[in-house]
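The structure appears below as structure tokens.
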Amino acid sequence: MDLYDVLRNSAAKLERDAFRTRHRGHYLVGYFRQMDASLLGFNTGKLTAIPDLESSDATSLLPKVWRLKKSDRNTWRHRISVGRAKNNDVVIRERGISKLHAHFFPPDTGDASLRICDIGSGNGTEVNGEKLPPDEPVVVSTGDEITFGDTACQLHDDTTLYSILK
């Protein structure tokens, strides 16, 4: 059972406040085609055109959820790494995503905003259609569309995630 199924089952059983208490935080939500992992080589796949998900058969797309949470898989203490490699905090196994693609900077005592920064990835990062310049963190909010290469996700907090899953 993946995280999407766990959260969906939890939303079905819990009231909103109990869900928020248990699953506090930010999440990336996306819909993907099932992919053969053998297509994920060492090098990042260069994009020629971003696929049109609107024209895809909706039944062939699978929901996927990633929690923006620090893991013990990398050494950056105050960053949440996103990329294709397994040592990232958030691992998104898509060919157009670099092994290390971007960082999220969680809110801290000095800054209450969640920020994201592209770190010079091969295919770039966009927030709401605006390409991010490398190494310049920008504030992101619930509902923003974040695209890593050709992989579009939407950012949600625990409250909006509950509404989606319910």
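Quick notes
- Gyration tensor (alpha-carbon) shape descriptor, the range 57-146, a/c threshold 1.5: rounded
- When each of Lys64/Lys166; Lys13/Lys70; Lys70/Lys99 is checked by Cα-Cα distance, pairs over 24 Å: Lys13/Lys70
- Among 80-90, 129-139, 20-30, the peptide with the highest mean count of other Cβ atoms within 10 Å heads the list, and the full ranking is 80-90, 20-30, 129-139.
- Cβ-derived FRET efficiency at R0 30 Å, Thr142 paired with Asp17, nearest 0.05: 0.95
- Label-point gap, in nm, between Val6 and Arg73 - each point 7 angstrom along Cα→Cβ: 1.3
- For Cys153, the residues whose amide H sits under 5 Å from its own are Ile146, Thr147, Phe148, ignoring neighbours fewer than 5 places away on the same chain, with H placed 1.01 Å from N.
- Evaluating 6.51 cos²θ - 1.76 cosθ + 1.60 at θ = phi - 60° for every residue in the range 121-127, the Karplus couplings come out as 5, x, 10, x, 10, 10, 10 Hz, glycine and proline recorded as x.
- Phi angles across the range 63-76 convert, under the Karplus curve 6.51 cos²θ - 1.76 cosθ + 1.60 with θ = phi - 60°, into 3J(HN,Hα) values of x, 9, 10, 10, 8, 7, 9, 5, 10, 9, 8, 9, 8, 6 Hz, Gly and Pro given as x.
- Here each label is just a point 7 Å from Cα along the line to Cβ, and for Lys131 and Asp108 those points are 3.0 nm apart.
Laboratory data are not the source of any read-out in this text; all were calculated from the coordinates shown. Computed from a predicted structure; not experimentally measured. As a convention, Cβ positions derive from the backbone with ideal geometry for all residues, glycine included, and neighbour counts pool all protein chains shown.
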